[in-house]
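Chemist: Structure below; questions to follow.
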Amino acid sequence: MSDEEGKIGAVMVVGGGIAGMQAALDLADSGYLVYVVDSSPSIGGAMAQLDKTFPTHDCAMCILSPKLVATGRHQNVKLMMASDIHAIEGKPGNFTVFVKRKARYVDETKCTGCGLCTLRCPIEVRDEYNKGLKLRKAIYLKYPQAVPPVHTIDRDHCIGCGVCETQCEAGAIDFSGEEELVKVDVGSVILAPGFSEFDPRLKTEYGYGVFKNVLSSVELERMLSATGPYRGMVLRPSDGKRPKRMAFIQCVGSRDVQVGNPYCSSVCCMFAVKEALIAREHTPGLETHIFFMDMRAFGKEFDEYYARAEEEHGIVFTRNTRVARVSQNPETNNLYLWYAEHGKMKREEFDIVVLSIGFDSPKDVEKLTEKLGIKLNKHDFCQTDMFTPLDTSEPGIYVCGAFSSPKDIPDSVAQASGAACRAMSEIAGARGAMVTVKEYPPEIDVSGQEPKVGVFVCHCGINIGGVLDVPSLAEYAKTLPNVVHAEDNLYTCSQDTQQRISETIMEKGLNRVVVASCTPRTHTTIFQNTLMEAGLNPHLFEMANIRDQCSWVHMNVPKRATKKARTLIRMAVAKASLLEQLKPAEVEVVKSALVIGGGLSGMTAAVELARAGFDAHLVEKDSELGGLLRRIHFGCSGEDVQGFLERLVKQVEDDDRIRVYTSAELKEVSGSVGDFAAVIDSDGEEIETHQGVIIVATGGEEYEPTEYLYGKDPRVMTQLEFEEKLVTEGEIDAKCIVMVHCVGSRTTERPYCSRVCCTESVKNALRVKEMNPGIAVYSLFRDMRTYGFREEFYREAAEKGVVFIRFLEENEPVVSIDDQGKLEVRVLDDILQEELLINPDYVVLAAATLPARGNEELARMLKVPLNSHGFFLEAHMKLRPVDFATDGIFLCGLAHLPKFFEENVSQACGAVSRALSILSQDTLEGEATIALVDESMCRGCGVCVDTCEFGAPSLIMLENGRQVSHIDGALCKGCGSCSVSCCNKAITMLNFRTDQVLSMVESCFSEAKTPPAKREATVVEEVTET
Amino acid sequence: MTDFNPHIVGFLCNWCSYAGADLAGVSRIQYPTNIGVVRVMCSSSIDPVILIETMIRGADGVLIAGCHPGDCHYDTGNLHAERRVKIVHRLLDRCGLEPERIRLEWVSASEGSRFAEVVDNLVEEIRELGPNPVAGDQPDLDILERLYVARNVLGDFRLNLLVNKEHQIEDVSNVFGETIPKERMDELLDTVASEEFNRCNLLMLARDSSISVQQMADRTGLPEEEVLDHTVVLVDRGLLKVDRVDDGSPLYLTISQDRGRISTLPAWAQVEKRSIESSIRNLPDVDETTKAWIVRELLLTLRCHNCERRRSDACHFSVCIRGLMSGVVG
């Protein structure tokens, strides 16, 4: 249970949103037992409510539901739903947590999620998931794809009529349920409780809750969703008509001292752009306007997205304004927006208004923190430190997601992995101690045996049985070729039926099993487990989906539905007869990681790897460690960055598990996940090494401006140079300083935002004011992107007299030298609409952050992609921010995108966490259902190589000199595209072989095409006679 | 045709569309029973050959559904699928079968109602088109023959290679770091599809007995000079040979040992076929059509003992015998 130091190999994750799930999956994959505690009846969090995600417009549910299923089904994850932390005792590595579980009144082990109970429940309640735009019942499932798929009785509304109990065939309803206190022992705790939405009623001037056509952005999101109230249509709540003009008001409950939320909520700008685009897609002819102060498009591809929204899709952006109030035309229920533009008050009419509501700290946060003893910051979010952004004030308790500061999905996911890394390195010695590896009987070899198929048809209570004639289906199945056993069950997935299946397999010598019930997406693993318990290979299993895709969608035509179910069963049996036993490829894992880049991210990664008990090889191209961090001296709150760097470098150099190569670069890489062979050139010496994983942390560099007389006049310098000057000189001899933002960023050549420079400028401006309040500081900016709590520094700077002047892209400031040799800056102030003339002593440029030189070569070597700006491109912009599509290679830090110190640390830890899910295993099991090359048929044309996004196929030379394709089983994801692309049909996609698919197609019609019975009988007789 | 109930095969990708179809169920959205669903991992894993085979087997319509562009679980699988379906449409058109019978749609995991709409809509459309002319007991043998030709075209190297390289050449870069404009690739694919279709057709014609350029031109309606061009290519590729010269014109015969492309019965099946034929030769009261039908049906019940596990060189599929129906029916 625990290691020698009494540490416990289990972690509690508080919050089951996207961050909580990611942390849980990383921990569970690395050999820790995870308890996920959430006050909601199901996991999924805020992301489950989204229709699409920016900037890629990925369908949120499409990318989320595999994670939901993975979390719900993971054998090392225990879900504790409708639960709260009651108390905690103990110390890091050994906590005892008391969890209060509310009564659900539904037995989680029995409920099948069929939903019959809700159909008959007489009580209708406003559905919170759909923001009250839809109704739900008093016994309900939070949303259709909810995990666990267990219903809950809402005790606040239930009148106790008892009808649900009469409807439940599974006998899952239990009115005697009581709140219980559960004691759980864990080694670490991760807090991921997310956020709560700002209540827009507090902004009375916008009339939310009074004017019917004023919505919150989350309500609009539900409207846009296909599962929302109007099936994706946007309708005005006042009259159900489609709107023609829609306005978004930004910063509702953000950047607002009056309502007590002075911080920026970080995501609402992009959220509004996305909603404006999708609303237009869903509503022909809709005009959308966004009213905002600064467009905070600081993430990857965000600025390009913003530009496209304006230029290509005609979204109207009204900049630099906070809408003063909203009034209503009582006759039309249309709305008037009152706002100031260039100093003049304006009024504009819209027929629907969307309030982009900000993030509040999570509900009941005080209770939670009081019980855990952790400190909150002044905004009631979790207090963290710049150097340890994943640690709370209590050792052993970690934080991730929106609770540490408002953030978007990819930042939350990266941080969640990071928190998982911190949580597991604390209890590294207890890895694997709490998880049990299930033992199965040895596998029976069925190759060469005649197929003997067993068919189990499920009634699913009355979900299937109420529509289809299930007993007749079982009888029918007995007549199909190769079927030696068929039966019907009330619930095939119930524990006792699974036991029966297992016994029947052994008794009747079944070597293929077909279950006709619900969807294979959720239930395959359950039944595969049953097969393994009976000694069969799990791939000798096939499902016929006669519920979700038959009885539920053909409820009014039971005869036809039964006929279709016969077809589906026939198809499944046909494929089952052709199934073969599959073994996944196994790779032995080299327990060591290669980290490329010795800056903050790379060093953090190396240290965390070592803490988790693995070797790290750190390759740095310079002669000393530190990278770009060597040029950063202090944080916004005066943190001593160089002192930290010194300690970090020492820690890296002193650690026996870390081997550092300086003046070194990667020469060559081959192999794949689990065992990469890398050649490192260190000071001319070539070293060959084997590594299980690779972490790319190549960092970035500061742009060397060509604008604003940089390099021509020593009084013009970059922010990093200015910071150096401030620190080394200790004082500044000047009366006036001008800072120019976006130098080399957000240009035609480099359209991305460098993310950090706004804050960097504010930081240095504050330092100047601190040294000498008499120095005038002018900051010339385009959009002030001090997102999150950094907004506070922006406000502080403004309060201390730093003058912020907005200019537009087309009116760039002009820096020149006047005839007296003084610097002269001319700028058109966008708010005053006046040209200003300033004579500063210094001009400081917020220069862009560039990707590291050499990224192209490294990308080619590792066969991973770069984006158009030269930063590395992750596997998925939303949910896999630190993974590459190629397994076993991860990225972090500036190699991914310019970002802040604390974000780099979080991401570096995140990359390590992802790497640990591989390193913690002795052997790596690949997918079993992969593509295979028949070398005798391959002509080595290489088409398959182009088709694959994961680098699985490559061309190799056989001993006889023939070139053929070879598919790396460890990299293959099993999509099957290459097998189609193969010109010689030399590639087989296992489990989806052409003959298997065709056998299903064939049997889809065979009943329909059967000739009259008489004819058939004659033929058979005649033939046997002769 | 109001009582016509179309048979539709749906190939749904595991990640988005199959989940969307499940959601239709969870939301109890009703749609017609005409569709039988085959779950595949990705829309890109559906071989164009399978689509043609599905039509040959008598599907009235086919639905292929994948993730919306940008949503693919495998990044770009759906885009590959789009190109592959496009080429199948081109070929169906040549076969005299409406391309609309095979439909590609994007259905996400949250679009349960959309999935139901798509099925509704497709069933209606197919109802209007009427039954697949090659389905049923009296198939349109011309179209069936052409479908086999189309299948052979897809089994060939040239078109397959171009379709699968299209994305790389058009959107990413060719070996010179250039991209070829979409229009040019489209034109090229059209030409190649047409040429290869005609060539496979000629190989079919010259399969059983030798035939002259003139006769081939008459049978296909192609200009003689074009047929001549094709014969030159086919002879060069080793697929066609001059069997004999008759009246001054050479007569061509398909080289039968190239078993990878042409639907001929493997030796063991020839034996089976002969034995079945001889056993029913003297059946009383059975006309020739029925006899041919009996032979076909009995052949279909046979299982290839050579290649139950893996494809032999003799045919594309382990259920190869089924791909040989035209030889029996014709």
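Chemist: Per DSSP H run of n ≥ 4, the term is -39500 (n - 2.57); total these for chain A, divide by its residue number, and report the mean residue ellipticity at 222 nm rounded to 500 deg cm²/dmol.
Modeler: That comes out to -8500 deg cm²/dmol.
Chemist: When the dipole is taken about the Cα centre of the range A:55-199, and only Lys, Arg (+1) and Asp, Glu (-1) are charged at their Cβ, what size is it in debye, to the nearest 20?
Modeler: It comes to approximately 280 debye.
Chemist: Report, in whole Å, the centroid distance computed from the Cα atoms of the range A:42-120 and the range A:11-41.
Modeler: 9
Chemist: Moving on. Return the ratio Rg/(2.2 N^0.38 Å) for the range A:103-177, where Rg is computed over Cα atoms only.
Modeler: 1.00
Chemist: By how many degrees, 0 to 90 and rounded to 10, does the Cα axis of helix A:901-919 deviate from the longest principal axis of chain A?
Modeler: For helix A:901-919, the angle is close to 20 degrees.
Chemist: Bin width 10 Å, alpha-carbon pairs only: give the P(r) of the range A:87-130 as whole percents, running from 0 to the bin holding the largest distance.
Modeler: Going from the shortest bin to the longest, the percentages are 17, 30, 24, 19, 10.
Chemist: Given the options A:G466, A:G6, A:S965, identify the residue whose Cα lies farthest towards the positive end of the charge dipole of chain A (+1 on Cβ of Lys, Arg; -1 on Cβ of Asp, Glu).
Modeler: The Cα lying farthest towards the positive end belongs to A:G466.
Chemist: Right, something else. Going toward the positive end of the dipole of chain A, with +1 on Lys and Arg Cβ and -1 on Asp and Glu Cβ, which of A:Y794, A:P389, A:V353 do you reach last?
Modeler: A:V353
Chemist: If you don't mind, there's one more thing I want to ask. State which entries of A:K52/A:K102; A:K142/A:K438; A:K478/A:K583; A:K300/B:K182; A:K575/A:K985 exceed 26 angstrom in Cα-Cα distance in the structure shown.
Modeler: From A:K52/A:K102; A:K142/A:K438; A:K478/A:K583; A:K300/B:K182; A:K575/A:K985, over 26 Å: A:K52/A:K102; A:K142/A:K438; A:K478/A:K583; A:K300/B:K182.
Chemist: Which shape class, rounded, prolate or oblate, goes with the range A:22-180 when its Cα gyration tensor gives a ≥ b ≥ c as root eigenvalues, a/c under 1.5 marks rounded, and past that a/b bigger than b/c marks prolate?
Modeler: Verdict is oblate for the range A:22-180.
Chemist: Let me ask you something else. As I understand it, the value is the acute angle between the Cα axis of helix A:600-611 and the longest principal axis of the Cα atoms of chain A; what does it come to in degrees, rounded to 10?
Modeler: 50
Chemist: Now for a separate question. For a quick protection proxy, order the peptides A:190-200, A:914-924 by their average other-Cβ count within 10 Å, most packed first.
Modeler: A:190-200, A:914-924
Chemist: On a C-alpha basis, how far is the centre of the range A:894-909 from the centre of the range A:628-682 in Å? Whole number, if you could?
Modeler: 14
Chemist: Could you quote the convex hull projected area for the range B:106-222, Cα atoms only and averaged over all directions, in nm²?
Modeler: Its average projected convex-hull area is 12.1 nm².
Chemist: Structure shown: which of A:K67/A:K973; A:K274/A:K878; A:K375/A:K899; A:K621/A:K650; A:K131/A:K367 lie over 21 Å apart, alpha-carbon to alpha-carbon?
Modeler: A:K375/A:K899; A:K131/A:K367
Chemist: How about A:K110: which aspartates and glutamates have a C-alpha closer than 13 Å to its C-alpha, ignoring those fewer than 8 places off in the same chain?
Modeler: Result set, ordered by chain and number: A:E165, A:E169, A:D174, A:D496.
Chemist: Taking the Cβ of B:V118 as the centre, find all other residues whose Cβ is under 10 Å away and add up their charges (Lys, Arg: +1; Asp, Glu: -1).
Modeler: -2
Chemist: Evaluate 2.2 N^0.38 Å with N set to the residue count of the range B:1-51, then give the Cα radius of gyration divided by it.
Modeler: Normalised Rg, Cα atoms only: 1.31.
Chemist: Can you work out the Karplus-derived ³J(HN,Hα) for every residue in the range A:482-499? Use 6.51 cos²θ - 1.76 cosθ + 1.60 with θ = phi - 60°, whole Hz, and x for glycine or proline.
Modeler: The phi angles translate into 6, 7, 10, 8, 8, 8, 10, 10, 5, 9, 5, 7, 5, 4, 5, 5, 4, 4 Hz.
Chemist: Now, a different point. Which shape class applies to the range A:703-848: rounded if a/c is under 1.5, otherwise prolate when a/b exceeds b/c and oblate if not, where a ≥ b ≥ c are the square roots of the Cα gyration tensor eigenvalues?
Modeler: The shape class here is rounded.
Chemist: Further question on the same structure: Quick one: Kirkwood hydrodynamic radius for chain A, alpha-carbon pairs, angstrom, one decimal?
Modeler: Its Kirkwood hydrodynamic radius stands at 31.5 Å.
Chemist: Quick one: what are the phi-derived ³J(HN,Hα) couplings along the range A:247-257, Karplus 6.51/-1.76/1.60 with θ = phi - 60°, whole Hz, x for glycine and proline?
Modeler: 10, 10, 9, 8, 6, 8, x, 9, 6, 9, 5
Chemist: What does the average come to when, for each residue of peptide B:68-77, you count the partner chain Cβ atoms lying within 10 Å of its Cβ?
Modeler: Per residue, the average neighbour count from other chains is 6.
Chemist: Suppose every Lys and Arg Cβ carries +1 and every Asp and Glu Cβ carries -1, with no other charges. What dipole size does the protein assembly as shown come out with about its Cα centre, to the nearest 20 debye?
Modeler: The dipole magnitude comes to about 3360 debye.
Chemist: Calculate how steeply helix A:719-729 sits against the longest principal axis of the alpha-carbon atoms of chain A, using the helix alpha-carbon long axis, and give the answer as 0 to 90 degrees to the nearest 10.
Modeler: 50
Chemist: Right, next: Using each residue's phi in the range A:225-237, evaluate 6.51 cos²θ - 1.76 cosθ + 1.60 at θ = phi - 60° and report the 3J(HN,Hα) Karplus result to the nearest Hz, with x for Gly and Pro.
Modeler: 6, 4, 9, x, x, 10, 6, x, 8, 9, 10, 6, x
Chemist: Would you mind counting up the charge near A:R245? Only other residues with Cβ under 10 Å from its Cβ, with Lys and Arg at +1 and Asp and Glu at -1.
Modeler: That works out to -3.
Chemist: Another question, if that's okay. Considering only chain A, what is the antiparallel percent among its DSSP beta bridges, to the nearest 5?
Modeler: 50
Chemist: Work from the charge dipole of the range A:212-371 (Cβ charges, +1 for Lys and Arg, -1 for Asp and Glu, about the Cα centre) and give the residue of A:P262, A:A324, A:Y305 farthest towards its positive end.
Modeler: After comparing all options, I get A:A324.
Chemist: Mind checking A:54-66 for the average number of partner chain beta-carbons within 10 Å of each residue's beta-carbon?
Modeler: Going residue by residue through A:54-66 and averaging, the value is 5.
Chemist: If one computes the Cα centroid of the range A:773-788 and of the range B:94-126, what distance in Å separates the two points?
Modeler: 56
Chemist: Another one. Between beta-carbons, use under 15 Å as the cut-off and find the net charge around A:H523, counting Lys and Arg +1, Asp and Glu -1.
Modeler: +1
Chemist: List every residue whose amide H lies under 5 Å from the amide H of A:S196, counting only residues 5 or more places away in sequence or on a different chain, with H placed 1.01 Å from N in the peptide plane.
Modeler: HN-HN under 5 Å from A:S196: A:D360, A:S361, A:K363.
Chemist: Per the Kirkwood treatment, what hydrodynamic radius in Å, one decimal, follows for the range B:8-129 from the mean inverse distance over all distinct Cα pairs?
Modeler: For the range B:8-129, inverting the mean 1/r across all distinct Cα pairs yields 14.2 Å.
Chemist: Per-residue mean of other chain beta-carbon atoms within 10 angstrom of the beta-carbon, peptide B:161-169?
Modeler: For peptide B:161-169, the averaged partner shielding equals 4.
Chemist: Hey, another quick one. Under a 5 Å amide H to amide H cut-off, with H placed in plane at 1.01 Å, what residues pair with A:S592 once short-range neighbours are removed?
Modeler: A:G692, A:V693
Chemist: Tell me whether the range A:197-344 comes out rounded, prolate or oblate; compute the Cα gyration tensor, take square roots of the eigenvalues as a ≥ b ≥ c, and use a/c under 1.5 as the rounded threshold.
Modeler: Here the range A:197-344 falls in the rounded category.
Chemist: For the range A:151-279, just run the numbers: alpha carbon Rg, then divide by 2.2 N^0.38 Å, N being how many residues it has.
Modeler: Normalised Rg, Cα atoms only: 1.50.
Chemist: Take every DSSP beta bridge whose two residues both sit in the range A:1-108, then give the antiparallel share in percent to the nearest 5.
Modeler: Around 50 percent antiparallel, to the nearest 5.
No value in this document is a laboratory result; all are computed from the given coordinates. A quick note: this is a predicted structure, and the numbers were derived from the prediction, not measured. Here the Cβ is made from the backbone with ideal geometry for all residues, glycine too, and neighbour counts use every protein chain on show.
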